[in-house]
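A.B. asks: The structure that follows is given in the form of structure tokens.
The values are calculated or read from the model by the stated rules, or taken from the named source; none is laboratory data. As the structure is a prediction and not an experimental result, all values here were calculated from the model. Every residue, glycine among them, receives a Cβ derived from its backbone with ideal geometry; neighbour counts consider all protein chains shown.
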Amino acid sequence: MIIGITGPFASGKSIACEYLNQHGFFEIDVDLIGKEALIECRDDIVFCFGPCILDDDKISSKKLGDIVFESEEKMEYLNSIVHPFIRKRVKSIIEEKKGENIVINAAILFKIGLEKLVDVVIAIVADDDILVKRGMERNNFSRERILKIISMQKKYNDYLNNSDYIIINDSSKEDFLKKVNDLMEVIYDNRRNKP
């Protein structure tokens, strides 16, 4: 089975994926592949955005983020370079892990078109205030930066209408993991009962 876990920044995707990993799922982390893309597509990205995004001749995620999260047009330029690389890499990992249970961790699952590769999509969501509080604690970003990230992610990823299941992660980690566990039981039951 291949599950797609999606949802906005700081919603709890990594916690859900870690839980599934502990229960036999191989995780494909699209954020990590995105970092790989910055290395593999370095020359194209630098050509597009200039040497100002470099630190010691390597692309600085922070400097690049400061540019693209201020401009939708620039974000689209970046996406046009890195998304094909990400799609290809995810497909090749799925091929390598054929026959295994896989979970794809991707905030922009729909934007990249990865939903076509999965059996089930689970969206994890929470109120913006909760996401901002978590993001400020975890990433040390400003409130404005986090709201921009969330707004851009939501614009291109209609989590609520395109997902098969939705988990609201608005309380404790224990409560959230219980919701993940209960949902997995439902998913397994549904698969067993399919004619």
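A.B. asks: Name the residues in the stretch 31-77 that are in contact (Cβ under 8 Å) with a residue 40 or more places away in the chain, in a loop (DSSP other than H, G, I, E, B) and more than 22 Å from Leu147 (Cα to Cα), would you?
C.D. replies: Cys41
A.B. asks: Got at least one residue in the stretch 128-145 being assigned to a loop (DSSP other than H, G, I, E, B) and modelled with pLDDT of 95 or more?
C.D. replies: No, that holds for no residue.
A.B. asks: Taking Lys98 as the residue in question, decide whether it is within 12 Å of the chain's Cα centre (by Cα), among the basic types (Lys, Arg) and at pLDDT below 95.
C.D. replies: For Lys98, the condition - within 12 Å of the chain's Cα centre (by Cα), among the basic types (Lys, Arg) and at pLDDT below 95 - is not met.
A.B. asks: Here is a follow-up. Tell me, yes or no, whether the stretch 153-160 has at least one residue that is surrounded by 13 or more Cβ atoms within 10 Å (Cβ to Cβ), in contact with an Asp or Glu (Cβ under 9 Å, 6 or more places away or on another chain) and outside any helix (DSSP H, G or I).
C.D. replies: No, every residue in the stretch 153-160 fails to be surrounded by 13 or more Cβ atoms within 10 Å (Cβ to Cβ), in contact with an Asp or Glu (Cβ under 9 Å, 6 or more places away or on another chain) and outside any helix (DSSP H, G or I).
A.B. asks: Let me ask something else. Looking at Glu100, is it buried (at least 16 other Cβ atoms within 10 Å of the Cβ), charged (D, E, K, R) and touching a strand residue (DSSP E or B) at 6+ places or on another chain (Cβ under 7 Å)?
C.D. replies: So Glu100 fails the test.
A.B. asks: Residue check: is Ile33 at pLDDT 95 or above, touching a Lys or Arg at 6+ places or on another chain (Cβ under 7 Å) and among the aliphatic types (A, V, I, L, M)?
C.D. replies: So Ile33 fits the description; yes.
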